[in-house]
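Take a look at the structure set out below.
We did not get these values from a lab; they are worked out from the coordinates using the rules stated. Since the structure is predicted, the reported quantities are computational estimates derived from the model, not experimental observations. Positions of Cβ are generated from backbone atoms using ideal geometry, with glycine treated the same way; all protein chains shown enter the neighbour counts.
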Amino acid sequence: MTSSTKANPASRARRENERGFTLVEMLVVITIIGLIMGLIGPRVLNYLSESKTKAARIQLQSFSSALDLFYLDVGRYPSTSEGLAALAQRPAGLNAWNGPYLKGGAVPKDPWNTAYVYRAPGDRGPYDIMSYGADGQEGGSGTAADIVLGTQTSARGE
């Protein structure tokens, strides 16, 4: 007899031990992973959007402190046309300016990579600073809500 007609018991045992995952086992694992992601995913996304809102509020407070320093040095807040850029670069004709009042010497964008809005005089006081939120447009709700210094409401008071 040749070796091709006889099965080697050692090689057969080795093949049985090298068995891989079945399709059913793979589907069960994929289903379990999908369920876990379905339960955890929305919470993670919610935390991310909340952290962007908190970061915007902290930045607004930083702008407020910088604006107060500008006011102490110059005797007025920047005009709307000067904007927040007056905190980073000396506006023309302001000899009392002792800035830059922002770290890095530049005005950062909001967490959604949109410029902050500055108005002077403002509807709520000597100035308004706000981010239009995730949608970058005035108004909105949820993650698209406007973030105004001290509040999270629409800039139109809605």
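Confirm whether Ala86 is surrounded by 13 or more Cβ atoms within 10 Å (Cβ to Cβ), touching a residue at least 24 places away in the same chain (Cβ under 8 Å) and not in a loop (DSSP other than H, G, I, E, B). Walk me through it before giving the result.
Working: surrounded by 13 or more Cβ atoms within 10 Å (Cβ to Cβ): yes; touching a residue at least 24 places away in the same chain (Cβ under 8 Å): no; not in a loop (DSSP other than H, G, I, E, B): yes.
In short, no.
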Among the numbered criteria (1) out of contact with any Pro (no Cβ under 8 Å at 6 or more places or on another chain); (2) closer than 27 Å to Asn46 by Cα; (3) not hydrophobic (A, V, I, L, M, F, W, C), which single criterion is violated by Arg119? (2)
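Go through the range 58-83 and give me each residue that's under 20 Å from Ser131 (Cα atoms), surrounded by 17 or more Cβ atoms within 10 Å (Cβ to Cβ) and not polar (S, T, N, Q). Outline the logic, then answer.
Initially, the range 58-83 is screened for residues under 20 Å from Ser131 (Cα atoms), giving 58-68, 77-83.
Subsequent filtering for residues that are surrounded by 17 or more Cβ atoms within 10 Å (Cβ to Cβ) retains 59-60, 63, 66-67, 77-78, 82-83.
Once the filter is applied, which keeps residues that are under 20 Å from Ser131 (Cα atoms), surrounded by 17 or more Cβ atoms within 10 Å (Cβ to Cβ) and not polar (S, T, N, Q), the range 58-83 yields Leu60, Phe63, Ala66, Leu67, Tyr77, Pro78, Glu82, Gly83.
Condition check ((1) farther than 29 Å from Asp146 by Cα; (2) without any contact (Cβ under 8 Å) to a residue 12 or more places away in the chain) across all residues:
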| site | (1), (2) |
| --- | --- |
| Ile30 | yes, yes |
| Arg57 | no, no |
| Leu60 | no, no |
| Ser65 | no, yes |
| Val74 | yes, no |
| Thr80 | no, no |
The range 36-54 residues that are under 10 Å from Thr143 (Cβ atoms), paired with ones that are polar (S, T, N, Q) (beta carbon under 6 Å, 6 or more apart): Ser49/Thr143
Filtering the range 123-137 down to residues that are surrounded by fewer than 16 Cβ atoms within 10 Å (Cβ to Cβ) and either under 17 Å from Gly83 (Cβ atoms) or touching a Ser or Thr at 6+ places or on another chain (Cβ under 6 Å) (or both) yields Asp123, Gly125, Pro126, Gly136
